[in-house]
Amino acid sequence: AAPRPLFLLLLLLATSSARKRCRTSEDEPEPPVFRGQPIPTGERVRMPQTAGLEWQLFLPAGWRNATSEPLFPVVVFFHGSGDGHFTVMNSQSLPRLLSGDQSTCFDHDHCWRLDAEYERVAAKAEAPASSGRAYLDQEVDLRSPLAACDFASTFPAIVVMPQGWLPAHRTGWTRGKTLQVERLTQHVLSTYRGDPTRVVLSGQSAGGAGAWKFAAAKPELWSALNPICMPAPASIAPRLAGLNVWVVGWAGDGEHGNDAVVAALKAQAAKAPAVVHLDASVRYTRYDKAPGPPDPLYRSMLNHASYDLIYRDPRLWEWAFAKRNLQGEEAWRHAGKRRE
């Protein structure tokens, strides 16, 4: 197996050569699989296949030398419909932020910056928890950071990034695939000191759809759910009773279902005491507008990439990592078994 310095050099050379000849992440070669030891920290890494899945792992920069907190929160990230190739996955969203070098073949800046128009991002004000409304008819300036250059060096959680499918076979996050994700997450929890009481499920677009369904099928596994730019029917709310949920999208997503499902989740939360999930809450970010994906091939999809706003917003992670699932340890001990 290649030692870590050689692996990182090969990764840098592969990336540099790709940048000379491509204008879209679709054309970049996939990152190499890391098979050495120790695993790099503060940097996403493609790992050997586990539980039948190709996947990437991020370990926090302080993971190896941690003494005060032996267990780390875990984020399970679900990619969208066209993001199955790791090069596309890594060109945007949370995976792109999880690298010390955020450059891509179409953007050579080591620190990824959003366009200046998104410096003052407006969103609808959140309605009080006691209100049955999804949001208030007034706007707030969220000021999401345009750049988060030190994101990878400061992010405090382990991140699991499974490959659900490739673009030629867009199966979605099926029940069989999420069963594999359960087994992969069990492996990460036991191998890399993950905290089973703080496992957050987040997904964007088709990954958001998968996250909604997975959390509704297995709510006992998660400390928090964060579906982005993918509305769900209001009828899903009873199956998420008592679970911490932060829904994210732009105004169009709200009109297509986010507004209704958030109102239903809040109504459900008012009836279901937060026993399993401490301080259970329902949050909602309804942006007036959002960028398109950064890749030139997809940039015309304006308002879709609300994930590129929320993932760099520290409010999301402060909220998510403060939540705990009291039955998480027991639930993950028995996870990975097919339900008939």
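Each principal axis of the Cα cloud of segment 301-340 was evaluated for its coordinate range; sorted largest first, these ranges are 41, 28, 10 Å.
Classified by the C-alpha gyration tensor, segment 89-215 has an oblate form. Its axis ratio a/c, with a ≥ b ≥ c, is 1.5 or above, and a/b does not exceed b/c.
Might you tell me the accessible area per residue for segment 43-82, computed with a 1.4 Å probe and given in Å²? List each step's numbers first, then the result.
Values: 1410 Å² over 40 residues.
So segment 43-82 comes to 35 Å² accessible per residue, rounded to a whole number.
With all protein chains in place and a 1.4 Å probe, the accessible surface of segment 44-181 carries 48 percent carbon and sulfur.
Working note: Cα atoms of segment 183-242, range along each principal axis, descending, whole Å: 37, 23, 16. Using a probe of 1.4 Å on the protein chains alone, the accessible area found for Leu142 is around 40 Å².
Given a 1.4 angstrom probe, what's the average accessible area per residue across segment 143-269, in square angstrom?
Details: 4030 Å² over 127 residues.
That works out to 32 Å² for each residue.
Per residue, how big is the convex hull around the C-alpha atoms of the chain? Give it to me in cubic angstrom, could you?
Values: hull volume 44.3 nm³, N = 340.
That works out to 130 Å³ per residue.
The Leu136 and His256 beta-carbon pair, evaluated with R₀ = 22 Å, returns a calculated FRET efficiency of approximately 0.65. Fraction of C-alpha pairs exceeding 25 angstrom in segment 217-340: 31 percent, rounded to a whole number.
Maximal additional length on extending the Ala217-Arg183 stretch stands at 10.7 nm, based on 0.36 nm per residue less the C-alpha distance.
The values are calculated or read from the model by the stated rules, or taken from the named source; none is laboratory data. No experiment lies behind these values; they were computed from the predicted model shown. Note: ideal-geometry Cβ built from the backbone for every residue, glycine included; neighbour counts use all protein chains shown. Ligands, DNA and RNA are excluded from the accessible area calculation, which covers all protein heavy atoms including side chains. Shrake-Rupley method; radii C 1.70, N 1.55, O 1.52, S 1.80 Å.
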